[in-house]
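Asker: This is the structure I want to talk about, given as structure tokens.
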Amino acid sequence: MSKNQTVEQRYLPEIQRKEIDELKTTVKGASQKIIADNIARMKKADSHRPDTMKYFDDIANLFGRRQQEIEAEKQKGKKIIGYLCLFAPTELISAADAIPVRVNSGWYDTSKLGDRVVPVEVCPVIRSTIGAKMIELSPFLEQSDALISVLTCDGMTKLSEILSDQKTIWGMNVPRVKDSTQSLRFWSAEIKHMKTQIETFTGNKITRNSLKEAITTSHRATKAFRRLQELRKGNPVIMGQDAMLVNQAYSWDDKKRWTEKTEALCNELEKRVQQKDWVCSPDTPRVMLTGTPMFWPDSWKLPALVEEGNPKGIIVADEQCSGERILNDPIGVDEWSMDDMLNAISERYLMASTCPCFTSKDGNEDRINWLLNKVKEWNIQGVIYYVLRGCMLYAMEYNRVKKALDKINVPVYYLDTEYTREDVGQLKTRVEAFMELLNARIDF
Amino acid sequence: MSTAKEFWRWHEYRHTMPNIAPVSDDIITAGVDVGSVGSKAAVMVNGQAYSWGITRTGSNSPESAKKALDLALKDTALSTRDLRYIVGTGYGRVNVPMANKAITEIACHARGANYIWGSSVRTVLDVGGQDIKAIKIDATGRVVSFLMNDKCAAGTGRGMEVFADLLQVPIEEIGAMSLKVEAEPEPVSCTCVAFAKTEAIGLLRKGWSKEKVLAAYTRAMAVRMANLINRVGLEPALVITGGQSKNVGIVSRIETLLGVKCLPTPNWRDGGLDPMVAGAFGAALLAKALYEKTQQI
């Protein structure tokens, strides 16, 4: 037996090193171009974009500065712990002196590679993440020493099996009924188990002080995040696609630096509010996005169509686990004892989530309430319900959401798409017709 | 020299309304609807249909737009210089060089259907060459909500052209022919243009008549359209616009499936308002509204 022989893979196909390298070079080149094009377009959409956005543009380069920083930390012996779902308690990772980084794929090109492993009917986020692993495209996924996979939807559940061919995977079992004491008890046990797992893996003990510091860091980030969202309540001072990038960059950036930069961005935006310096006319239809997560870079296809269309809309809020849900809710700690902090983390990650993986049968109206509250507070005039084909949970909740929005007379448009650029022309017609509809309600 | 008969080719024509003599004070506007298969242009005088033209869309959208508008203006007292405002619509709306503004075909068909059939229209089914749209509208012709099929051409006008060619039946006779069956066959299982063609060849080999094959395909298309209408929520009166509004096989099957009658299609062969031009009519009307807005200061 040659010593180069690899362990047999249960899920992933065997691919020759040469093919991996070739594909990686091609897709990476294409992706770098898409990232650059996205940013160039975003700059064009807002002719005097806030200066602080330069920082986020830099962090948005997935193959750039942040990859190098993480690599340097890794060389020094730090563990990198990736996660695939927002339920992963990142504070525990930070408290063990490891780096948390989200690794869901936003690359359209790799979804076609994923088709070799799972059928095309499967959600493209899953297929694309598999494809990214196959050609070692994703810097953060490759750098991860272990992955936390929360078993929420079917896609996430099976994705963790497939990735286990090449990665250490820790599955977390999330209850499907939210409002019950036994669910919280069960989930708390999962959180405590995860703490032990992280401690063993990193060799670092999570102490009362280190956890307190990690939670405090999150609190500060949430505060900065909320300040930014407050600024989106009034006349538009920031393009939605810029704000969405800021929010999402948190999941791979350094937490403290992100907070500092977001505060700086808010300072800049506050000056613009005083100068009544808007990014678009205040009568531009105000749009909220909800549904399947949108991952940078390729999924900026839709925000671009909304904000650069004819007529255009302005995205002022979202209810997505790739956007505002990342930081909306602080961890509510009463006393800074280890037990209390762990309980607070358990509650925050379970109770604050509006993921459609929960049943609403037992009276859980959290997602609907979030949406209705946003509509009211952010003065939303229309909602785009975004669904990637194969994303069953969001698709199946549409009617319930539509009924709730119908009651308050807010139009909602169901927009289904794929990880492809081929449907841009058709999507443009659909999005623009929806913006015309919203405009006609304001004034024609 | 022999040329193969082009069964898919539909009637390209133009029409001028009699008894309208535009004068210089009139507000003359135009709508140009560049679809994936057909390009339509309509000229209106003070918001009344004056002339229109329908032609096939070529590979170049700007040229197709110009061709349609020239056709609409041909042999009239008007020229492009008389047009105060032009709205471009349809798939190629951004490539209508003479247009002052682009508006989606969804808003234009809504407005156009309101113009052709009046304020009672609440649901519009637009079956174009490449897509199907179900649109709910209010009494003023504004869009309330809409649905559109996904990106493939399944169950659309383009699919009908493929069938006309395959079965060697002139496209304008397809609808009537599909109704000449004793009993309605099961619909074909797939309306995808590529697969339906394969399935149809199989059925012909099995000994099915052309009529029966057409009935099975038309039925499948109608089911798809009826589903789209049901999803958007059917509210009478229902009308059908776009090229397929001329296909009696489609119209009568949708009526049967939904259990409602569509408002009758105007006799366009005799100078009636052509529902295939609905988008261009709507665009010309919106052009008038936009022109008037520029005048009030």
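Asker: What is the mean number of Cβ atoms from other protein chains located within 10 Å of the Cβ atom of each residue in peptide A:425-438, rounded to a whole number?
Answerer: The per-residue average across the peptide is 6.
Asker: Indicate, rounded to the nearest 5 percent, the antiparallel portion of the DSSP beta bridges found entirely in the protein assembly as shown.
Answerer: 40
Asker: Taking the Cβ of residue B:199 as the center, what net charge do the other residues with Cβ under 14 Å away carry, scoring Lys and Arg +1 and Asp and Glu -1?
Answerer: Residues near residue B:199 contribute +4 overall.
Asker: Give the long-range amide H neighbours of residue A:148: residues separated by 5 or more places, or on another chain, with amide H under 5 Å away, using H modelled in the peptide plane at 1.01 Å from N.
Answerer: A:82, A:83, A:84, A:170
Asker: Let me ask you something else. Determine the shielding of peptide B:106-112 by partner chains: average, over its residues, the number of Cβ atoms on other chains within 10 angstrom of each Cβ.
Answerer: 3
Asker: What is the magnitude of the charge dipole of segment A:293-338 about its Cα centre, with +1 placed on the Cβ of each Lys and Arg, -1 on the Cβ of each Asp and Glu, and no other charges, expressed in debye to the nearest 20?
Answerer: Approximately 300 debye in magnitude.
Asker: Segment B:38-124: D in µm²/s via Stokes-Einstein (Kirkwood Rh, Cα pairs, 20 °C, 1.002 mPa s)?
Answerer: Answer, rounded: 158 µm²/s.
Asker: Compute the separation of the alpha-carbon centres of segment A:17-82 and segment B:218-276 and state it in Å as a whole number.
Answerer: One Cα centre to the other: 51 Å.
Asker: Suppose the Debye formula is applied to equal point scatterers at every Cα of segment A:246-386; what is log10 I(q)/I(0) at q = 0.14, 0.15, 0.16 Å⁻¹?
Answerer: -0.85, -0.97, -1.09
Asker: Which values of log₁₀ I(q)/I(0), to two decimal places, follow from the Debye formula for the protein assembly as shown at q = 0.11 Å⁻¹ with a uniform point scatterer at every Cα?
Answerer: -1.19
Asker: Tell me the volume per residue, in Å³, of the convex hull enclosing the alpha carbons of segment A:31-122.
Answerer: Spread over its residues, the Cα hull of segment A:31-122 gives 159 Å³ apiece.
Asker: Once the convex hull of the C-alpha atoms of chain B is built, how many Å³ does it hold per residue, rounded to a whole number?
Answerer: It comes to 141 Å³ per residue, whole-number rounded.
Asker: Just to confirm the filter: which trypsin sites (Lys or Arg not before Pro) across segment B:64-111 are DSSP coil and have at most 14 other Cβ within 10 angstrom of their Cβ?
Answerer: In loop regions of segment B:64-111 (DSSP not H, G, I, E or B), the sparsely surrounded trypsin sites (Lys or Arg not before Pro) are B:74.
Asker: Separate question: Between residue A:182 and residue A:21, what is 0.36 nm times their sequence separation minus the Cα-Cα distance? Round to one decimal in nm.
Answerer: Full-extension gain reported as 53.1 nm.
Asker: Now a separate question. Between exposed GluC sites (Glu not before Pro) in chain B, where DSSP calls loop and at most 14 other Cβ atoms lie within 10 Å, what's the longest gap?
Answerer: Answer from the scan: B:13-181.
Asker: Another question, then. Quote the FRET efficiency, to the nearest 0.05, computed for residue A:116 versus residue B:94 with a Förster distance R0 of 35 Å and r equal to the Cβ-Cβ distance. Walk me through the numbers on the way to the answer.
Answerer: Working: r = 37 Å, r/R0 = 1.06.
That pair, residue A:116 with residue B:94, gives E of 0.40.
Asker: Ok, one more. Among the aspartates and glutamates, select those whose C-alpha is under 13 Å from the C-alpha of residue A:195, and discard any that sit fewer than 8 residues away in the same chain.
Answerer: Output for residue A:195: A:91, A:97, A:339.
Asker: To continue, here is another question. How large is the translational diffusion coefficient of segment A:17-442 in µm² per second when you combine the Kirkwood radius over alpha carbon pairs with Stokes-Einstein at 25 °C and 0.890 mPa s?
Answerer: It comes out at roughly 112 µm²/s.
Asker: What does the charge dipole of the protein assembly as shown about its Cα centre add up to, to the nearest 20 debye, if the Cβ of each Lys and Arg holds +1 and the Cβ of each Asp and Glu holds -1?
Answerer: In total the dipole reaches around 220 debye.
Asker: Using alpha carbon coordinates only, what is the Rg to Rh ratio of segment B:121-262, with Rh defined as the Kirkwood radius?
Answerer: 0.98
Asker: Can you pull out the GluC sites (Glu not before Pro) in segment A:340-407 whose DSSP state is coil and whose Cβ has at most 12 other Cβ atoms within 10 Å? Numbers along the way, then the final one.
Answerer: Numbers: sites: A:347, A:365, A:377, A:397; in loops: A:365.
Hits after loop and neighbour filter: nothing returned.
Asker: For residue B:9, what charge total do you get from the other residues with a beta carbon under 11 Å from its beta carbon, if Lys and Arg give +1 and Asp and Glu give -1?
Answerer: Working: positive: B:5, B:56; negative: B:6, B:12, B:161, B:165, B:172.
Residues near residue B:9 contribute -3 overall.
Asker: Let me ask another. Determine, from the Cβ-Cβ distance of residue A:406 and residue B:173 and an R0 of 45 Å, the FRET efficiency 1/(1 + (r/R0)^6), rounded to the nearest 0.05. Please list the in-between numbers first.
Answerer: Values: r = 44 Å, r/R0 = 0.97.
That pair, residue A:406 with residue B:173, gives E of 0.55.
Asker: To continue, here is another question. What list of whole percents do you get for P(r) of segment B:163-219, with Cα-Cα distances grouped in 5 Å bins up to the one holding the largest distance?
Answerer: 4, 22, 34, 29, 11, 0
Asker: Can you compute the charge dipole magnitude of segment B:31-156 about its Cα centre, using +1 on each Lys and Arg Cβ and -1 on each Asp and Glu Cβ, nothing else charged? Give it in debye, rounded to the nearest 20. Mind dumping the intermediate values first?
Answerer: Values: 15 positive and 10 negative charges, 34 e Å.
Charge dipole of segment B:31-156: 160 debye, to the nearest 20.
Asker: With the cut-off at 23 Å, report for segment A:21-179 the share of all Cα pairs above it, as a whole percent.
Answerer: Details: 5605 of 12561 pairs.
When all Cα pairs of segment A:21-179 are counted, 45 percent exceed 23 Å.
Asker: For residue B:79 paired with residue B:295, estimate the spin-label separation in nm (one decimal), with each label point 7 Å from Cα along the Cα-to-Cβ line.
Answerer: About 2.3 nm separates the two model spin labels.
Asker: Which entries in the list A:402/B:210; A:205/A:256; A:76/A:301 go over 32 Å, if you measure between the two C-alpha atoms of each?
Answerer: A:402/B:210; A:76/A:301
Asker: Right, something else. Hey, which lysines would be in cross-link range of residue B:212, C-alpha to C-alpha under 25 Å, not counting anything within fewer than 8 residues on its own chain?
Answerer: B:5, B:180, B:197, B:246, B:261
Asker: Separate question: Filter the chymotrypsin sites (Phe, Trp or Tyr not before Pro) in segment A:256-350 to those in DSSP coil with at most 14 other Cβ atoms within 10 Å of their Cβ, and list the result.
Answerer: Listed in order of number, the matching sites are A:336.
Asker: Would you mind checking A:376/B:288; A:43/A:312; A:18/A:158; A:255/A:361; A:18/A:43; A:43/A:167 for any pair whose Cα atoms are more than 26 angstrom apart?
Answerer: On the way: A:376/B:288 36 Å; A:43/A:312 16 Å; A:18/A:158 28 Å; A:255/A:361 37 Å; A:18/A:43 38 Å; A:43/A:167 38 Å.
Beyond 26 Å: A:376/B:288; A:18/A:158; A:255/A:361; A:18/A:43; A:43/A:167.
Since every read-out is calculated from the coordinates, none of them should be taken as a lab result. Computed from a predicted model, the values in this text were never measured in an experiment. A quick note on method: Cβ atoms are made from the backbone with ideal geometry, for glycine too, and the neighbour counts reach across all protein chains shown.
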